[in-house]
Amino acid sequence: MKYLSGSLFQILDASLRLKNFSKVANELGLTPAAVSYQIRQFESRLGFLLFTRHPGGLEVTKEGQIICQQACESITQMRSVIEQAKRLNQDAKTLRITASTRFATQLLLPNLARLKSITPDTDIEIDISDKIRPLVQSDFDIAIRFCDGKPQGAVRVKKVMNTSLVAVCSKALWQQHQALLASPKAFPQFLLCSVKCRVGTLEWPSWSTWFESLASVDWHNAEHLTFDEMTQVIQFIQDENAIGLVEPKLAEKEISNGRLVQLSKHELTIPAPYAYYAVIPDRRENSAPVQKCVQWLQGLVNNSYREQ
């Protein structure tokens, strides 16, 4: 129909919402006369009224309700399509990654220059949050998540790394009790710290699980303190006389610079399929920057892409 236009759709949408031509005109930057004229012209071509006019405003007819509602939906759809087009245009320019605080600070940020070198034409934005960000409905291209690797929604998942738990303490505590701390049997004499949380069906392993895997340590009388996040455990044991269970790959900086000391070679492996995964929206799976980023993330585990 030649007389359908974008401006008419806007007028119909606003008229349905505001029920007053003067308010419609004010919202759209038109005169009330221009709004009324376009509606009357449209009604004339249709052969029936869309609105009945009253001194206080408008009343939508049944026919008008159908047409105006469709105009409203068309505008909403067009706005959505425009946003999709903008994202497609921006996709080649920006790579948006969301990750937890510890993963980001231990692995992403210290090695970011290497990622930038293999994606030189792409701006990189990193969202650091311990909250789970919505992925499909957002602008993020990759989310780094500890999970079971099963896709939830329109996403693809690629494993980045497995993880484990080791016992560590502060350098000061180690220097004071080096001989005693050489054996895990002595650990229950100290305050023991760990994370307490649940991820999917996995109850995060505690000290009881760690000691049971050794099979020869009586730990039942040990004092135990739990935290919500690994970062809290690491901070606490650096400040207090305590031993913590931490993920060595996410405490590598503190261990390598001597602030934390790994007390035993024993590692408790987090059971499969739970691991760290790159979660990617379907719409971004074939993006070259995304693929390069995933390869870079996987390379961090074996030091292929570490900053020297």
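The values are calculated or read from the model by the stated rules, or taken from the named source; none is laboratory data. Please read all numbers here as calculations on a predicted model, not as lab measurements. Virtual Cβ from ideal backbone geometry, glycine too; neighbours counted across all protein chains shown.
Can you name the residue in region 118-133 that is charged (D, E, K, R) and not in a strand (DSSP E or B) and, of all such residues, is farthest from the chain's Cα centre (by Cα)? Spell out the reasoning first.
Of all residues in region 118-133, those charged (D, E, K, R) come to 121, 123, 125, 127, 130-131, 133.
Checking the rest, the ones that are also not in a strand (DSSP E or B) come to 121, 130-131, 133.
Numbers: D121: 23, D130: 9, K131: 7, R133: 3 Å.
If we take residues in region 118-133 being charged (D, E, K, R) and not in a strand (DSSP E or B), then D121 is farthest from the chain's Cα centre (by Cα).
Which of the following residues is in contact with a Lys or Arg (Cβ under 9 Å, 6 or more places away or on another chain) and closer than 21 Å to G200 by Cβ: E285, E247? It would help to see each step written out before you state the result.
Values: E285 fails: closer than 21 Å to G200 by Cβ.
One residue alone meets the criteria, E247.
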Residues being modelled with pLDDT of 95 or more and aliphatic (A, V, I, L, M) - total across region 203-233: 2
Test: residue in region 134-155 that is free of Cβ contacts under 8 Å to residues at least 12 places away in the same chain, part of a helix (DSSP H, G or I) and not assigned by TED's automatic domain parsing to the domain that holds A14: no
Scan of region 26-53 for residues that are of a type in the set (S, T, Y) and over 49 Å from the mean Cα position of the chain (by Cα), ordered by number: Y37, S44, T52
Matching residues in region 127-160 - criterion: being of a type in the set (A, V, I, L, M), closer than 22 Å to D228 by Cβ and at pLDDT 85 or above: I128, A143, I144
Unmet requirement for E307, which otherwise passes all of (1) at pLDDT below 90; (2) surrounded by 14 or more Cβ atoms within 10 Å (Cβ to Cβ); (3) touching a Pro at 6+ places or on another chain (Cβ under 7 Å): (2)
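Kindly indicate the residue of region 69-88 that is touching a residue at least 40 places away in the same chain (Cβ under 8 Å) and aliphatic (A, V, I, L, M) and also nearest to R284 (Cα to Cα) among those meeting that condition. Break it down into steps so the answer makes sense when it comes.
Pass one, region 69-88, residues touching a residue at least 40 places away in the same chain (Cβ under 8 Å): 69, 71-72, 74-75, 87.
With aliphatic (A, V, I, L, M) added as a condition, the list becomes 71, 75.
Numbers: A71: 31, I75: 26 Å.
It comes out as I75.
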The listed residue being in contact with a strand residue (DSSP E or B) (Cβ under 9 Å, 6 or more places away or on another chain), closer than 22 Å to Q298 by Cα and surrounded by fewer than 19 Cβ atoms within 10 Å (Cβ to Cβ), out of G153, G149: G149
Residue in region 37-51 that is among the small types (G, A, S) and surrounded by 14 or more Cβ atoms within 10 Å (Cβ to Cβ) present: no
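Going by the conditions given, is F236 aromatic (F, W, Y), closer than 18 Å to L250 by Cα, in contact (Cβ under 8 Å) with a residue 40 or more places away in the chain and in contact with a strand residue (DSSP E or B) (Cβ under 8 Å, 6 or more places away or on another chain)?
On the way: aromatic (F, W, Y): yes; closer than 18 Å to L250 by Cα: yes; in contact (Cβ under 8 Å) with a residue 40 or more places away in the chain: yes; in contact with a strand residue (DSSP E or B) (Cβ under 8 Å, 6 or more places away or on another chain): yes.
Yes, satisfied.
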